[in-house]
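Participant: Before I ask anything, let me first share the structure, which is written out below as structure tokens.
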Amino acid sequence: MLAQAVGKLGLAAGAQALPAVSLSLSRCFSADGVDTLKKTLSELIPEQQERLKALKKTHGAKSLGDVTVDMAIGGMRGIPGMLWETSLLDPEEGIRFRGLSIPELQAQLPAAVPGGQPLPEGLLWLLLTGKVPTKEQVTAVTEELRERSHLPGHVKRVLNSMPDDAHPMTQLSVGVLALQSGSHFAAAYTRGTHKTKYWQAVYEDSMDLIAKLPQLAAIIYRRTYKNGDLIHPHPTMDWAGNLAFMMGYENPGCLEMMRMYQTIHSDHEGGNVSAHTTHLVGSALSDPYLSYAAGMNGLAGPLHGLANQEVLRWLKDLTAKLGPNPDKEAVRKYVEDTLASGKVVPGYGHAVLRKTDPRYTCQRDFASRYMPEYPLFKLVSNLYEVVPEVLGKTGKIKNPWPNVDAHSGVLLQYYGITEENFYTVLFGVSRALGVLAQGVWSRALGLPIERPKSLTMEMLEKKFTA
Ligand code: AMX
């Protein structure tokens with residue numbers, strides 16, 4: 001029915017979904033007269049530039065604390081060294097997006113269905129402007145993204161030239177880099193655009209990239225797992241719903257799950273690997289395609305975004321060894337064996353959080369509502385009762401509680417998205433909202449190239465040896 005309604009595209013045919021639309025940099029209103037995101041941003045930027053100037057002038061020379069040798073050799077853990085406006089992570093409470101917790105987002109952001117999950121387009125507005133958008137403003141963002149969503153034919157050809165078994169995250173990175181030839185920022189820089197205008201071109205690139213990512217991800221999914229039978233974008237659906245739709249899923253619960261998923265994975269302040277990498281590379285004035293692709297290469301690491309794939313593999317192995325309903329003692333032994341074999345328990349622990357990740361709790365609430373009897377959900381719930389205790393007993397793991405990745409795979413499996421190697425791509429599409437929104441602000445605020453100081457062991461030894 002899905003295929004009949006929207007038609008299928010053969011990859012080889014290289015057919016294109018929507019005509020390209022060129023957007024003027026000065027466009028300020030959507031078709032129905034609602035202020036665009038860019039106009040709203042351009043009004044906010046001068047006051048934030050002044051705010052930063054005043055902050056530097058008044059407090060610039062003050063100390064933010066000491067840096068210990070442990071911090072320097074321990075992955076810079078806890079060193080405050082970056083400005084990141086779009087979100088802030090509290091070790092106990094978890095993430096706040098522009099000051100709003102996940103339940104507050106769910107209550108305040110416009111939804112596709114009454115009382116439903118927030119639309120990520122609304123979150124994008126919030127991340128960029130710091131203000132909760134109206135339903136009309138969110139609709140305007142959905143339309144703007146739809147207009148920008150055309151994927152050039154060469155991107156499909158580049159993907160098509162890759163081996164079928166190339167990891168989906170590798171395909172994502174390559175696909176994003178293939179899009180880079182359309183960068184407004186790279187062209188503007190070459191033209192010699194004044195640095196006060198950088199943010200405008202970065203905004204254009206960021207919106208283009210966010211708009212194209214669902215189709216890029218869906219193509220990667222369909223060419224890797226569904227014989228390359230591509231599905232046209234839905235002509236009226238929202239950004240996240242359309243992602244599920246183009247992947248081949250139209251169950252209303254699945255669309256809501258995708259909206260929630262794309263909202264909660266978007267941003268986790270600036271120090272995590274994908275956000276920091278995007279920020280670092282962008283600070284060299286590499287355009288948003290280059291910097292986001294770099295961030296995605298970091299997200300593809302098993303200690304970061306790939307953990308959602310690893311969780312599913314670990315769960316499948318557990319079920320294969322212990323059966324679908326193992327008792328707690330068997331689960332405990334399985335967790336202990338994982339540790340004894342020198343591996344991490346995926347989905348547990350965090351570099352900053354010291355409590356259960358509210359993104360885990362949000363997904364758990366969703367599962368309790370939509371799939372309370374699903375055996376995999378029950379298994380994940382049982383693990384919650386066993387894993388923290390086992391990890392806690394090691395005495396070295398600072399946070400034994402589950403993170404976002406411990407739960408996301410369960411929701412995807414329930415709706416039939418069973419290919420766990422693809423899961424990090426969904427994480428990556430969402431992460432674009434946060435890192436690219438911050439990228440616009442980094443250029444608007446004129447943040448400089450990043451250059452922390454590195455040290456040698458010899459230098460440290462000499463410094464502290466009398
Ligand atoms: N299983 C086993 N060991 C763990 C562990 C886990 N889940 N979490 C931490 N540890 C170990 C560390 O490897 C480290 O061991 P070492 O001293 O022998 O090197 C020790 O406990 C202390 O680590 P920590 O300070 O508590 O954590 P960290 O800040 O160094 O690392 C993280 C954080 C997320 C990489 C780690 O908890 C981990 O590897 N978790 C499993 C992978 C995972 O779920 N990653 C996703 C995180 C969220 C995300 O980015 N998407």
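The values are calculated or read from the model by the stated rules, or taken from the named source; none is laboratory data. All figures in this text were calculated on a predicted structure; none of them were measured in a lab. Glycine also receives a Cβ, built like all others from the backbone with ideal geometry; neighbour counts cover every protein chain displayed.
Participant: Do you know which residues across region 66-84 are more than 14 Å from the ligand (Cβ to nearest atom) and out of contact with any helix residue (DSSP H, G or I) (no Cβ under 9 Å at 6 or more places or on another chain)?
Facilitator: Asp66, Val67, Thr68, Pro80, Gly81
Participant: I'm checking my understanding of the structure. Among residues of region 214-264 that are under 22 Å from Val410 (Cβ atoms) and of a type in the set (S, T, N, Q), which one is surrounded by the most Cβ atoms within 10 Å (Cβ to Cβ)?
Facilitator: Result: Gln262.
Participant: Next question, about the same structure. Does Lys212 fit the bill of being charged (D, E, K, R) and in contact with a strand residue (DSSP E or B) (Cβ under 9 Å, 6 or more places away or on another chain)?
Facilitator: Considered against the rule, which asks whether it is charged (D, E, K, R) and in contact with a strand residue (DSSP E or B) (Cβ under 9 Å, 6 or more places away or on another chain), Lys212 comes out as no.
Participant: Also, quick follow-up: Looking only at region 317-329, count how many residues are away from the ligand (no atom under 16 Å from the Cβ) and surrounded by 15 or more Cβ atoms within 10 Å (Cβ to Cβ). Steps first, please.
Facilitator: So the first thing to find is which residues in region 317-329 are away from the ligand (no atom under 16 Å from the Cβ), and the list is 319-329.
With surrounded by 15 or more Cβ atoms within 10 Å (Cβ to Cβ) added as a condition, the list becomes 319, 322, 326.
Number satisfying all stated conditions: 3.
Participant: To continue, here is another question. Please enumerate the residues belonging to region 243-273 that are aromatic (Phe, Trp, Tyr) and closer than 24 Å to Pro302 by Cα. Quick ask: steps written out before the conclusion?
Facilitator: Residues of region 243-273 aromatic (Phe, Trp, Tyr): 245, 249, 261.
Matches in region 243-273: Tyr261 only.
Residue by residue, here is whether (1) in the same structural domain as Gln262 (by TED's automatic domain parsing); (2) within 15 Å of the ligand (Cβ to nearest atom); (3) surrounded by 24 or more Cβ atoms within 10 Å (Cβ to Cβ); (4) part of a helix (DSSP H, G or I) holds:
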position: Arg354; (1), (2), (3), (4): no, yes, no, no
position: Glu385; (1), (2), (3), (4): no, no, no, yes
position: Pro388; (1), (2), (3), (4): no, yes, no, yes
position: Gly392; (1), (2), (3), (4): no, yes, no, yes
position: Lys396; (1), (2), (3), (4): no, yes, no, no
position: Ala406; (1), (2), (3), (4): no, yes, yes, yes
position: Ala437; (1), (2), (3), (4): yes, no, yes, yes
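Participant: Considering Gly94, Gly78, which residue is farther than 27 Å from Met257 by Cβ, surrounded by 12 or more Cβ atoms within 10 Å (Cβ to Cβ) and either modelled with pLDDT under 95 or under 18 Å from the mean Cα position of the chain (by Cα) (or both)? First the steps, then the outcome.
Facilitator: Values: Gly94 fails: farther than 27 Å from Met257 by Cβ.
One residue alone meets the criteria, Gly78.
Participant: Taking region 273-292, which residues are surrounded by fewer than 24 Cβ atoms within 10 Å (Cβ to Cβ) and either within 16 Å of the ligand (Cβ to nearest atom) or within 14 Å of His304 (Cα to Cα) (or both)?
Facilitator: Passing the criteria: Val273, His276, Thr277, His279.
Participant: Also: Can you name the condition, by its number, that Ser87 falls short on among (1) touching a helix residue (DSSP H, G or I) at 6+ places or on another chain (Cβ under 7 Å); (2) more than 16 Å from the ligand (Cβ to nearest atom); (3) polar (S, T, N, Q)?
Facilitator: (2)
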